Amino acid sequence: MPGSLPAVCEAAWPKDVGIIALEVYFPSQYVEQAELEEFDGVSAGKYTVGLGQARMGFCSDREDISSLCLTVVQRLMERSGLSYDSVGRLEVGTETIIDKSKSSKTVLMQLFQESGNTDVEGVDTTNACYGGTAALFNAVNWVESSSWDGRYALVVAGDIAVYASGSARPTGGAGAVAMLVGPNAPLAFERGLRGTHMQHAYDFYKPDMVSEYPVVDGKLSIQCYLSALDRCYSVYRNKIHGQWQRGQHSQLQTPSKGLDKRCSLEDFGFMVFHSPYCKLVQKSLARLMLNDFLCHPSPDTESGPFSGLDAFRDVKIEDTYFDRDVEKAFLKASSEAFENKTKASLLISNQNGNMYTPSVYGCLASVLAQHTPQQLAGQRIGVFSYGSGFAATLYSIKVTPDATPGSALDKLVSSLCDLQARLDSRKKVSPHVFAQNMKLREETHYLANYTPQGPVEDLFPGTWYLTRVDEKHRRQYSRRSMSAERPLEAGLITSCMEPEHIPSPLKKMPRIPCTTAGPEGLVISNGDH
């Protein structure tokens, strides 16, 4: 039976394993998509309406995957009041490769040096945009396994999404998300409820080892994404139905439905998706409603969300990936569900673009940042993660019912309350400057004995940045001072709440005082010197 598991196994697991704290980093500069339309000579609305994108964040040559991850990890540790010895597993999900052997995780270990903690499992995990989810699953599985030693797991998803000039370039972006994983979490993973689909396809891949740019088959990529969503949703529903039949989720059953209850969009308070661009996410929610409609034995087509959809009752789902009539009808039918369950998740995606592995978790952060703890408490959040090539999973998170002031959920939501202000505090640059930055990255990618040219003063306070790549390709980094001249930027390092000390899951774990931000000249590297 799908979702079946011996009760003795569940009894031995730590309770409510999931996300305790979450931090987001995105670049300090962006380009307006409307201005990029004019610069590229395309029709007005092609990027803003057709793709649903407003702004795109990007990195100069001062930032690489390791600097992004250094920044988001240190920011999470400082704002959470955590010491580095409370972390027993650290894993990075990324497809932005700067070394074919040495993992970005090993660079991050320099942040742990002062604590003396070198007993930290995990390395990098790679498969396009799915690597962050694979790393997160590994962290959850570690906490629930015999390998767990009582400490937290830390998961980092980070990427720089850049494309060659042309139609794909406006779907770029950059950023990183760090997530603290442990028991008694306000966002707990629902056990046994993962629907996964994996298949071979060349929809998006990076075979050129000396280029940041991917090879993309746009139409195939959309088909792979939507077909994976169909398959994952089907597997997920089979598993949750199995649990309901065994009464494991009897609190969700009503006397009128009981064991006849069918999983549908109604069972999710929020639904978030990997977001290559916002319009595809809106189509994806409509796709789930199409699945609900086709699987329902007798849908009401006279009233309610399925009203007027009789003509589509006999369509085959595998024939509808590019059916405009089906798409239009179900976009309209799902409009209210999109407004209530998914639209809020697109804040970062719309304003910053596709971050690859962090994309879906930026969407999760966007939901948390725009709702109160009371609005989130007790909700089920559906999460669909997709990575080209391809790998996909639909799973669910259950939000704790405890929304009281000072609760874990209250602290998590408060830590993200400055998200909109952070997005608004970025520096706007012209499409010409953006294009110059892309050309510079293209020309200097993988260069040895190179000193980056981008101005450090444009970075957010507390940002790690690349200072030099030596003749042996060893990279050195510094951290920008925490002080800043612009008030909004200064506020980035201070949460809307006072930093809260979070102890290790097991109190017996050793602790050290939390370190404060280092000086401007603090230097770390990705190799011995």
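Brief remarks follow.
- Theoretical ellipticity at 222 nm over the chain - DSSP helices of four or more residues, -39500 (n - 2.57) apiece, nearest 500: -9000 deg cm²/dmol
- Assigned charges on the beta-carbon of Lys, Arg, Asp, Glu; the chain dipole about Cα centre (debye): 680 debye
- Sorted peptide list for 17-29, 110-122, 441-453, 402-414, criterion being average Cβ within 10 angstrom, highest first: 17-29, 402-414, 110-122, 441-453
- Whether segment 101-238 is rounded, prolate or oblate, judged on the alpha carbon gyration tensor where a/c under 1.5 counts as rounded: oblate
- Report note on the peptides 329-335, 361-367: ranked by the mean count of other C-beta atoms within 10 Å, highest first, their order is 361-367, 329-335.
- Net charge over other residues, Cβ less than 13 angstrom from the Cβ of M438 (K, R count +1; D, E count -1): -2
- Protection proxy ranking, peptides 203-209, 74-80, average beta carbon neighbours within 10 Å, highest first: 74-80, 203-209
- Residues with amide H under 5 Å from that of G454, placed H, sequence gap 5 or more: D61, R62
- Sulfur and carbon atoms: percent of accessible area, the chain [1.4 Å]: 51 percent
- Summarising the amide proton neighbourhood of S481: residues at separation of 5 or more, or on other chains, whose placed amide H is nearer than 5 Å comprise G462.
- Cα centroid separation - segment 409-453 against segment 50-103, whole Å: 12 Å
- Contour excess over end-to-end distance, with Cα ends at T404 and S147 and 0.36 nm allotted per residue: 89.2 nm
- Summarising the amide proton neighbourhood of D159: residues at separation of 5 or more, or on other chains, whose placed amide H is nearer than 5 Å comprise G175.
- Surface analysis of segment 1-149 yields an accessible area of 35 Å² per residue, using protein heavy atoms and a 1.4 Å probe.
- Positive minus negative residues near T342 (Lys, Arg vs Asp, Glu; Cβ under 13 Å): +3
- Neighbourhood charge, 9 Å Cβ-Cβ cut-off, centred on R55 and excluding it, Lys, Arg +1 and Asp, Glu -1: +1
- Farthest positive-ward along the chain dipole, Cα basis, beta-carbon charges - from L280, V413, G57: V413
- Converting phi to 3J(HN,Hα) with the Karplus coefficients 6.51, -1.76 and 1.60 and the offset θ = phi - 60°, segment 67-76 yields 5, 4, 5, 4, 5, 6, 5, 5, 5, 5 Hz in sequence order, with x at every glycine or proline.
- Kirkwood radius and radius of gyration were both taken over the C-alpha atoms of the chain, and their ratio Rg/Rh is 0.96.
- The string of couplings for segment 162-172 from the Karplus curve (6.51, -1.76, 1.60, θ = phi - 60°) is 10, 10, 4, 4, x, 5, 8, 4, x, 9, x Hz, one whole number per residue in order, with x for Gly and Pro.
- Accessible area expressed per residue, segment 211-370, with surrounding protein chains retained (probe 1.4 Å, Å²): 42 Å²
The values are calculated or read from the model by the stated rules, or taken from the named source; none is laboratory data. Here the structure is a predicted model, which is why all the values come from computation and not from measurement. A quick note on method: Cβ atoms are made from the backbone with ideal geometry, for glycine too, and the neighbour counts reach across all protein chains shown. Just so you know, the surface numbers come from the protein's heavy atoms only, side chains and all, with ligands and any DNA or RNA stripped out. Shrake-Rupley method; radii C 1.70, N 1.55, O 1.52, S 1.80 Å.
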